[in-house]
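Only one structure is covered here, and it is reproduced in the block below.
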Amino acid sequence: MPRGDLYNFLKIRDAIDSVGEKVNLIGVVLECGFPRKTKGTDWFCSVRIIDETHQDPGLPVNVFTQTRNQLPRILSVGDIIQFQRVSMKIHDDKINAVFYKKYSSFAIYEGRDGRNLVPYQTYETFREKDLDKNFVIDLRRWLQNFQFDEGANYFSLIREINGGESFNLVCKIIHIHEGAGNEWMAFVWDGTDAPPSNILQKLEDEMHHPLPLHLESLPLSRDTLCSFPSVGTVLRVVSQDIENDNLRLLKTGEWVKLLNLLCEVHAGLWRCVLTPFTKLRYTPNEDRLKIERQRSLYYERLSRSPQSLRRMPFWSLPWPSQVTEVDGDDDDDHAIFLTLMDVLTSSEVTASFKCVVRVIAAFPWQAKDFCFPAGIDRIRLTLEDSTARIHAFLYAEDGVKFFDGQSSVTALGSKLNALLGVIADNDGEQNDSRRNPPWVQICLKSQSDKSGSRHYRIFGTKLVA
């Protein structure tokens, strides 16, 4: 039969040798991109498929349709898709298949664990055949033991990200947030700590433009935060020029591979951007990179010795700076360092914690405004570690202890500059807006107000820089 006959499927390996011909293909979706509008009137998306004859790098299939709803709406990367009468082409010295809206068609089936042999989506001109079911069954059977070996260097860890660069990430979807209007945000995690970023804001900006505690427009509920891991950075992922309906492939609780994410820093907080060029890659439950991140990076970290180091930020190791000292010793009930996410999600309303943090902002920001006749008045410090940001306050005798009894404006200013990572000139003025505050130890106490909201107070801590 001619190769374009509807009853004749080609293996991907053979299709690659059939440039210039129309062929029928069936394969597993290894990657899929997000729909986007072409420069003309069509809609476009790219799907990369594999079978038992060809897995690396897979065959790209570029799909062009008249409307967005006609594009493949893949429910899960790893599903099975068949194409009828697609054209084999060469573009930029790479072979791909092209789906033309006038004569091509497709059907999509559930993947490895599927039981239904009826496609869940078909193109309007698709014609089903009895033999289709056999091909689907064979691919599902093959997928049971399939492992795609990309190599560890192909994917970055969250602790390796750099602002302004694109990268690939293996991560777990912790939460999907859909806010007012068109706000959409995914929260992802791989067990590692994002690197601390420079703070580019001057101290005086804290009065009218305080550093945000989070990137979402409203804070997440405590119930949501309690579902987050308390160790490792939960990275915010936003979408750019992608309609929210197209983000259905990202499901809470699942591990995914995201290709070509754009990394950015906003107000010292990391975020990643899904662009029209971002792709999702098949990630089976037994995926080696997923298991490596769970077992080697997370569980081994929590079994680190000594126990006090297990929850310390990776970037503060082997030990935080000597800028502060805290009360107590290794026999203290709170000798084990906890993360700020531990603090936020604690089941005890009134509790004490010992943390390693960076102090990134203070309000008021001038030492001359700290002192009143009764001693140190209320000072708000913004704290961050690899898991969260919070506001914590210094009051009265705790403030006096924090500044080691110093009362002169010069001495207070010098200590504050050391705490906030300020590079000051001879007059004590900040001469560089970039700051990299040191990691310091700090003791916190939580309490609630009449409305039930929790607040945090610094105690038992002395600034010795």
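The values are calculated or read from the model by the stated rules, or taken from the named source; none is laboratory data. All of these numbers come straight from a predicted model, not from anything done at the bench. Here the Cβ positions follow ideal geometry from the backbone for every residue, glycine too, while neighbour counts run over all protein chains shown. Side chains are part of the model used for accessible areas, which takes the heavy atoms of the whole protein and leaves out ligands, DNA and RNA. Shrake-Rupley method; radii C 1.70, N 1.55, O 1.52, S 1.80 Å.
Residues in region 134-152 that are among the aliphatic types (A, V, I, L, M) and either without any contact (Cβ under 8 Å) to a residue 40 or more places away in the chain or assigned to a loop (DSSP other than H, G, I, E, B) (or both): Ile137 only.
Counting only strands (runs of 3 or more DSSP E) that sit completely within region 325-428, zero hold 2 or more residues that are at pLDDT below 95, in contact with an Asp or Glu (Cβ under 6 Å, 6 or more places away or on another chain) and open to solvent by less than 60 Å² (accessible area, probe 1.4 Å).
Pairs linking a residue in region 398-417 that is within 21 Å of Asn436 (Cα to Cα) to a residue that is among the charged types (D, E, K, R) and open to solvent by less than 70 Å² (accessible area, probe 1.4 Å), with Cβ atoms under 7 Å and 6 or more positions apart or on different chains, are Phe402/Lys462; Phe403/Lys415. The residues on offer are Arg293, Arg222, and the sole one that is open to solvent by 20 Å² or more (accessible area, probe 1.4 Å) and basic (Lys, Arg) is Arg222. For region 153-173, filtering for residues that are outside any loop (DSSP other than H, G, I, E, B) and exposed (fewer than 12 other Cβ atoms within 10 Å of the Cβ) leaves 1. Comparison of Leu215, Leu203, Leu139, Leu143 shows that the only residue that is at pLDDT 95 or above and open to solvent by less than 60 Å² (accessible area, probe 1.4 Å) is Leu139.
Would you pick out the residues in region 381-397 that are of a type in the set (Gly, Ala, Ser) and in contact (Cβ under 8 Å) with a residue 40 or more places away in the chain?
Correct list: Ser386, Ala388, Ala392.
Listed conditions (1) under 16 Å from His175 (Cβ atoms); (2) surrounded by 13 or more Cβ atoms within 10 Å (Cβ to Cβ) are all met by Ala194, apart from (1). In region 9-113, counting only strands (runs of 3 or more DSSP E) that sit wholly within it, the ones holding 1 or more residues that are open to solvent by 10 Å² or more (accessible area, probe 1.4 Å) and under 21 Å from Glu150 (Cα atoms) span 22-33, 43-51, 54-65, 94-99. When Val47 is tested against (1) touching a Cys at 6+ places or on another chain (Cβ under 7 Å); (2) more than 20 Å from Leu249 (Cα to Cα), only condition (2) is not met. Of all the residues in region 250-270, those that are at pLDDT below 90 and farther than 21 Å from Thr224 by Cα number 0.
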